[in-house]
Amino acid sequence: MTQLSEIETTFVGLAAPGQLRAGAGGWPCQGVYHRPRGTRPKVAVIATHYNVDFSQHYLADHLAARGFGFLGWNTRFRNDPLHFLLDRALVDIGVGVRWLLEEMGVESVIILGNSGGCSLMAAYQSHATKPNVVALPGMRPAPGLDDLVPGDAFIALAAHQGRPDVLTSQLDPAVIDENDPTLTDPELDLWNPERERPFTAEFLTRYRAAQRDRNARITAWAKSELRRVAAAGQRDRVFTVARTWADPRFVDPTIDPNGRKPNLCYHGEPEQSNGSTWGLVTSCTLRTWLSMWSQETSQCNAGPHLANISVPGFVVNGDADTGVFPSDAEALLNGLASVDKTAATIPGDHYFDRPTDTRPQVADVISEWIGQRFQL
């Protein structure tokens, strides 16, 4: 195995169809390619997220040390979830895949969907296999959308089932007024001191239904508001979504149990986080809500896309993840159309660095799985 100090990194900046280099010099597609120094790996992994910068992904050096190429890749929407549109993001991922094949001489590309990026990468592989992603009503499809090259395998790592799914599972249904998050219904308040814990099945059924209803209300408003602003000569507008850290699983570890610590979410203590300005959405445009977050209109849930993925599939989960649960891993594995599919659970939290660093173990497991299927 190559020492981490011997990993060579190359910055990659590329234009995308219909999206040229910015006037200030930035490329719409950016990333970092990792490989053992002086080599040209035959097998490379590409990882991309909706908006998180994956250019220095925590597995990049580890997998490169095991002989693979690793392209931590960002679309035009890195650090910009406010304006996300799925069809354009898929085109940008395709730019990275083509670069690996045509410029780096890679023979096999492994699609890695990590965390929220799983449904995005599933959408890419799905559309590249059988075009199905469409632009929002009134918008033209992104140039290059139907010219994507599929990967040769698909890996889901500590992965959510999709943006609408994970958001809705965390939406606080107690919100009465979207314009005033201090107004809440105590009957649906997760932290009501009179609430019985563990939560009853009756409460959870009512709570989950109310979460779906809140998503549907925002969607209905977004559609209506988009028509209104369009009639006034504007294309879109920004709005906020408050209180998005209210998944009962954060509070009650008996639901979807694993080794996670109770009363914890990715942003810290759930009740405090729920009232903060940090959240999955916080702010977005009307079009981005419809493209990414709406259960009715978004194509960013993994399920339908997994049904189009028949290449070898691997689902890897952490046994103490505070936001990805055993049911997520099970749904992803069952959803894959692959004949060759398997799953593994590794000690650790969402990033595999607590309570101890198990990232080398994750890299070993993934490396072994790839090595059994592809010529290195």
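The values are calculated or read from the model by the stated rules, or taken from the named source; none is laboratory data. Only a predicted model underlies this, so the values are computations on that prediction, with no experimental measurement involved. Cβ placement follows ideal geometry from the backbone for every residue including glycine, while neighbour counts extend to all protein chains displayed. The accessibility values were calculated without ligands, DNA or RNA, using every heavy atom of the protein model including side chains. Shrake-Rupley method; radii C 1.70, N 1.55, O 1.52, S 1.80 Å.
Picking from 88, 76, 98, which residue would you name as being of a type in the set (Lys, Arg), assigned to a loop (DSSP other than H, G, I, E, B) and either open to solvent by less than 20 Å² (accessible area, probe 1.4 Å) or farther than 28 Å from residue 322 by Cα (or both)? Going through 88, 76, 98 in turn, just one is of a type in the set (Lys, Arg), assigned to a loop (DSSP other than H, G, I, E, B) and either open to solvent by less than 20 Å² (accessible area, probe 1.4 Å) or farther than 28 Å from residue 322 by Cα (or both): 76. In the stretch 326-335, the count of residues that are in contact with a Lys or Arg (Cβ under 8 Å, 6 or more places away or on another chain), in contact (Cβ under 8 Å) with a residue 12 or more places away in the chain, hydroxyl-bearing (Ser, Thr, Tyr) and within 23 Å of residue 252 (Cβ to Cβ) is zero. Looking across the stretch 294-303, the residues that are in contact with a strand residue (DSSP E or B) (Cβ under 8 Å, 6 or more places away or on another chain) and either free of Cβ contacts under 8 Å to residues at least 40 places away in the same chain or within 11 Å of residue 85 (Cα to Cα) (or both) come down to 298, 300. In the stretch 217-253, the residue that is surrounded by the fewest Cβ atoms within 10 Å (Cβ to Cβ) out of those that are over 21 Å from the mean Cα position of the chain (by Cα) and among the small types (Gly, Ala, Ser) is 233.
Out of the residues in the stretch 23-38 that are in a loop (DSSP other than H, G, I, E, B), free of Cβ contacts under 8 Å to residues at least 40 places away in the same chain and open to solvent by less than 50 Å² (accessible area, probe 1.4 Å), state the one that is nearest to residue 105 (Cα to Cα). Among those that are in a loop (DSSP other than H, G, I, E, B), free of Cβ contacts under 8 Å to residues at least 40 places away in the same chain and open to solvent by less than 50 Å² (accessible area, probe 1.4 Å), it is 26. Does residue 280 meet the test of being open to solvent by 10 Å² or more (accessible area, probe 1.4 Å), of a type outside the set (Gly, Ala, Ser) and under 18 Å from the mean Cα position of the chain (by Cα)? Taking the combined requirement at face value, the residue satisfies it. Might you check whether a residue that is more than 20 Å from the chain's Cα centre (by Cα), without any contact (Cβ under 8 Å) to a residue 12 or more places away in the chain and within 21 Å of residue 355 (Cβ to Cβ) occurs anywhere in the stretch 254-261? There is no residue in the stretch 254-261 that is more than 20 Å from the chain's Cα centre (by Cα), without any contact (Cβ under 8 Å) to a residue 12 or more places away in the chain and within 21 Å of residue 355 (Cβ to Cβ). Taking the stretch 83-108 as the range and being hydrophobic (A, V, I, L, M, F, W, C) and in contact with a strand residue (DSSP E or B) (Cβ under 6 Å, 6 or more places away or on another chain) as the test, the residues that pass are 91, 95, 97, 100, 106. Pairs linking a residue in the stretch 262-284 that is within 25 Å of residue 238 (Cα to Cα) to a residue that is charged (D, E, K, R) and open to solvent by 40 Å² or more (accessible area, probe 1.4 Å), with Cβ atoms under 9 Å and 6 or more positions apart or on different chains, are 274/243; 275/243; 279/243.
It is to be established whether one or more residues within the stretch 260-270 are closer than 28 Å to residue 336 by Cα, open to solvent by less than 10 Å² (accessible area, probe 1.4 Å), in contact with a Ser or Thr (Cβ under 7 Å, 6 or more places away or on another chain) and charged (D, E, K, R). Scanning the stretch 260-270 turns up no residue that is closer than 28 Å to residue 336 by Cα, open to solvent by less than 10 Å² (accessible area, probe 1.4 Å), in contact with a Ser or Thr (Cβ under 7 Å, 6 or more places away or on another chain) and charged (D, E, K, R). Scanning the stretch 212-254 for residues that are in a helix (DSSP H, G or I) and touching a Cys at 6+ places or on another chain (Cβ under 7 Å) gives a single hit, 250. If you filter the stretch 4-22 down to residues that are assigned to a loop (DSSP other than H, G, I, E, B) and either aromatic (Phe, Trp, Tyr) or touching a strand residue (DSSP E or B) at 6+ places or on another chain (Cβ under 9 Å) (or both), you find that the one that is farthest from residue 67 (Cα to Cα) is 21.
For every residue, the table says whether it meets (1) of a type in the set (Gly, Ala, Ser); (2) within 19 Å of residue 284 (Cβ to Cβ).
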residue: 199; (1), (2): no, no
residue: 206; (1), (2): no, no
residue: 209; (1), (2): yes, no
residue: 243; (1), (2): no, yes
residue: 246; (1), (2): yes, yes
residue: 252; (1), (2): no, no
residue: 259; (1), (2): yes, no
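The lone criterion from (1) over 30 Å from residue 19 (Cβ atoms); (2) open to solvent by less than 30 Å² (accessible area, probe 1.4 Å) left unmet by residue 135 is number (1). Note on the stretch 51-60: among residues that are touching a helix residue (DSSP H, G or I) at 6+ places or on another chain (Cβ under 9 Å) and surrounded by fewer than 22 Cβ atoms within 10 Å (Cβ to Cβ), the one that is nearest to residue 15 (Cα to Cα) is 51.
Inspect all residues belonging to the stretch 110-129 and state whether any of them is among the hydrophobic types (A, V, I, L, M, F, W, C), in a loop (DSSP other than H, G, I, E, B) and open to solvent by less than 10 Å² (accessible area, probe 1.4 Å).
No, because not a single residue in the stretch 110-129 is among the hydrophobic types (A, V, I, L, M, F, W, C), in a loop (DSSP other than H, G, I, E, B) and open to solvent by less than 10 Å² (accessible area, probe 1.4 Å).
Residues in the stretch 179-198 include at least one that is among the charged types (D, E, K, R), open to solvent by 10 Å² or more (accessible area, probe 1.4 Å) and touching an Asp or Glu at 6+ places or on another chain (Cβ under 8 Å).
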